[in-house]
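A short reminder: the numbers here are calculations on the coordinates, not readings from a lab. Treat the numbers as computed from the prediction; the structure is a model and nothing was measured. Here Cβ is always computed from backbone atoms with ideal geometry, including for glycine, and neighbour counts include all displayed protein chains.
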Amino acid sequence: MRKVDIYVNFLYICIVKSIRIIYKTPEYETFYNKLEKNVVKKITYLETIIRKEKIISSKIAKKLTNTDLYELRVVLNNQYRILFFTIDSEDLNQATELLFISGFIKKSTKDYQKEVKKALKILEQWTEEN
């Protein structure tokens with residue numbers, strides 16, 4: 001087998017194993033780029049699970065009631081980082097595309113509701129532009 005054949009086969013395996021594609025808004029990227037390395041590492045690990053696992057546990061991602069949003073909670077150093085995302089399907093386990101919308105460090109319940117509204121507004125703008 002030639003090196004090119006091995007490389008093509010490797011790429012094929014990598015593509016096949018990825019079940020979901022993840023997109024990110026500029027607002028999410030801004031939040032993500034400000035995070036500490038250990039938080040980024042944990043988020044990267046969770047993104048890998050979301051991309052490659054057929055069944056996503058509700059311990060990893062949870063749907064918010066009465067919205068199109070899901071949340072991913074990352075706990076580190078007694079701080080919650082909440083990441084909002086949406087999907088292209090009614091069920092997360094059947095989704096093939098995700099859009100990470102925004103993220104924040106949770107400090108109070110008031111912050112949470114404000115951030116949900118902000119994420120919905122970002123989603124609305126994204127939908128209009130894309």
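For this structure, a couple of remarks:
- Panel order for THR44, THR25, THR67, by other beta carbons found within 10 Å of each beta carbon, from fewest to most: THR44, THR67, THR25.
- Residues SER89, SER108, SER102 arranged by fewest to most Cβ contacts within 10 Å: SER108, SER89, SER102
- Listed values (i) 34; (ii) 26; (iii) 50, entry calculated as percent of Cα pairs over 24 Å apart: (i)
- Inter-label distance for ASP91 and LYS37, nm, one decimal - labels placed 7 Å from Cα along Cα-to-Cβ: 4.1
- Sum of -39500 (n - 2.57) over DSSP H runs of 4+, divided by residues of the chain (222 nm, nearest 500): -15000 deg cm²/dmol
- Reach of LYS107 by Cα under 29 Å, taken over lysines that are not fewer than 8 positions away in the same chain: LYS24, LYS34, LYS37, LYS41, LYS42, LYS59, LYS62, LYS63, LYS117, LYS118, LYS121
- Each of LEU72, LEU98, LEU46 was scored by other Cβ atoms within 10 Å of its Cβ. Arranged with the fewest first, they read LEU46, LEU72, LEU98.
- Rounded tilt (10° steps) of 109-129 against the dominant C-alpha axis of the chain: 50
- Degrees, to the nearest 10: 37-52 long Cα axis against longest axis of the chain: 60
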